[in-house]
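Derivation of every value follows stated rules applied to the coordinates shown; laboratory data play no part. Bear in mind that the values here come from a model prediction, so they are computed numbers and not experimental data. Quick reminder, even Gly has a Cβ in these numbers, built from the backbone with ideal geometry, and neighbours come from all protein chains shown.
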Amino acid sequence: MSESPARKPSVIKKRFPWGWVVLGLAGAGLLAAMMAAKGAPVTVAVSAPTVFKAGERNPLVTASGYLVARTRATLSSKVLGRVSWLGVQEGSRVAKGQILARLESPDLAASRDQVKAQLDQAKVDLDRAEKLRSAGIQDAASVDRLRSQKQTLEAQLAYQDALLESMELRAPFSGVVTQKLSEVGETVAPGSAGGANAINAILVMADFETLEVEVEVNEASIAKLAKGMPAEIRVDALDGQGARSVLKGRLREIYPSSNRQKAVVIVRVAFMEKDPLLVPDMGAKVTFLGDAYAQEVVVLGREQVKKQDGKPFAWVVENGLATQKFVTVKAENPIGLEVGGLARDAQLIVAPPESLKAGAKVRIKG
């Protein structure tokens with residue numbers, strides 16, 4: 001029996017640990033990235049504080065509202081009738097006493113002509129009777145009856161003229177037509193309710209010279225206001241128009257009533273200067289102004305003032321670093337907090353992140 005060949009020993013191939021190498025490199029890269037991110041500057045946005053110069057007035061209360069015309073009317077006819085002529089459109093400027101519309105009135109005109117003819121005949125009869133009376137032919141009683149008849153017809157003619165006058169709609173004041181509520185051919189009637197609720201009204205007009213702002217002021221702030229005090233009016237439609245966007249006004253009236261649901265009081269503010277673009281129902285914001293500042297004042301937004309151990313501070317950028325600038329709060333107004341200890345040209349950090357640390361490097365956005 002032949003001898004079997006010797007079995008060769010198995011060879012175990014050793015592989016290089018590439019997985020551990022890759023994992024180690026990834027960990028080292030992540031650690032390096034974390035170290036780099038820790039030392040990288042934080043990107044922030046900055047803004048300058050609001051500064052009031054000496055002599056500028058202190059803002060006391062801010063309120064929002066709408067433009068309204070103090071002189072405004074919804075016009076309707078005095079009698080039932082059909083519109084035969086309409087002489088205005090939306091935006092038409094009219095003068096006081098100008099005829100705006102007419103109603104159909106052929107029956108009234110015919111009745112008036114009939115009375116006028118009777119009156120003319122009565123005048124002739126009375127003149128003839130007076131001459132006969134002077135000649136001694138006509139008796140006094142007949143002359144008196146003719147004179148009474150003439151006076152009666154004159155009164156009837158005046159009544160007919162008044163009826164015809166009521167078929168014309170005239171402007172009660174000078175102003176602008178803001179709404180046309182009826183058209184030619186439509187039947188209208190006397191309004192059973194006044195103002196904007198008038199039924200079958202013909203048009204609405206307003207005097208733009210009496211435009212003012214109506215705002216609602218919280219009851220807690222009404223004690224700070226007084227009639228005649230100055231105010232700044234910012235109309236939404238004029239936003240971004242430069243000097244035109246802020247108009248001067250004065251507090252004209254504080255209404256002697258309060259809204260129990262809203263706990264507000266209605267306040268009317270008159271314009272001291274106007275813009276031709278202003279029309280009723282535009283939105284506006286009013287800032288009521290108090291006494292003038294004796295010296296320059298720096299104002300920060302309430303969200304810009306933080307606290308550390310009860311001490312107020314603001315985040316600012318100094319020499320490329322985030323710095324806690326401790327301030328003193330002197331007063332409060334509708335814009336924010338009046339503070340001391342902060343330069344007027346300080347670079348305030350807008351919405352600083354919660355993780356921001358004092359001394360951290362920062363990069364200003366934009």
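So the values come out like this:
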| item | result |
| --- | --- |
| Estimated [θ] at 222 nm from DSSP helical runs (n ≥ 4, -39500 (n - 2.57)) normalised by residues in the chain, nearest 500 | -7500 deg cm²/dmol |
| Under Karplus coefficients 6.51, -1.76 and 1.60, residue-wise ³J(HN,Hα) of the range 251-267 in Hz, glycine/proline x | 6, 8, 8, 10, 5, x, 7, 10, 8, 5, 6, 8, 6, 10, 10, 6, 10 |
| Cα-based convex hull, the range 73-206, per residue volume (Å³, whole number) | 117 Å³ |
| For Leu181, residues with placed amide H under 5 Å, excluding near neighbours | Leu203, Val204 |
| Exceeding the 18 Å Cα-Cα cut-off - candidates Lys53/Lys224; Lys306/Lys357; Lys306/Lys330; Lys96/Lys274 | Lys53/Lys224; Lys96/Lys274 |
| Rh (Kirkwood; distinct C-alpha pairs) - the chain, Å | 29.6 Å |
| Along each principal axis, Cα extent of the range 156-246, largest first, Å | 61, 32, 23 |
| For the range 108-137 and the range 262-294, distance of Cα centres in Å | 65 Å |
| Estimated inter-spin distance, Arg82 and Asp139, nm [label 7 Å along Cα→Cβ] | 5.2 nm |
| Separation in nanometres of the label points that stand 7 Å from Cα toward Cβ, at Ala155 and Gln324 | 9.5 nm |
| Kyte-Doolittle mean at least 0.0 and Cα axial length at least 27 Å: DSSP H helices in the chain | 18-39 |
| ³J(HN,Hα) computed for each position of the range 350-364 - Karplus, 6.51 cos²θ - 1.76 cosθ + 1.60, integer Hz, glycine/proline x | 7, 6, x, x, 4, 7, 5, 10, 5, x, 5, 6, 10, 10, 6 |
| Mean separation of Cα contacts under 8 Å (6+ apart) over length of the range 73-206, as relative contact order % | 47 percent |
| At 0.692 mPa s and 37 °C, Stokes D of the range 178-295 from Kirkwood alpha-carbon radius, µm² per second | 195 µm²/s |
| Under 13 Å from the Cα of Lys123 - aspartates and glutamates, other chains or at least 8 residues apart | Asp144, Glu154 |
| Using θ = phi - 60° and Karplus 6.51 cos²θ - 1.76 cosθ + 1.60, couplings along the range 296-307 (whole Hz; Gly, Pro as x) | 5, 10, 9, 10, 10, x, 4, 6, 8, 9, 9, 9 |
| Rounded FRET efficiency, nearest 0.05, which uses the C-beta distance separating Lys248 from Asp291 and R0 of 22 Å | 0.85 |
| Under 5 Å, built H, 5+ apart or other chain: amide partners of Trp85 | Arg102 |
| Among 144-153, 61-70, the order from most to least packed when residues are scored by Cβ within 10 Å on average | 61-70, 144-153 |
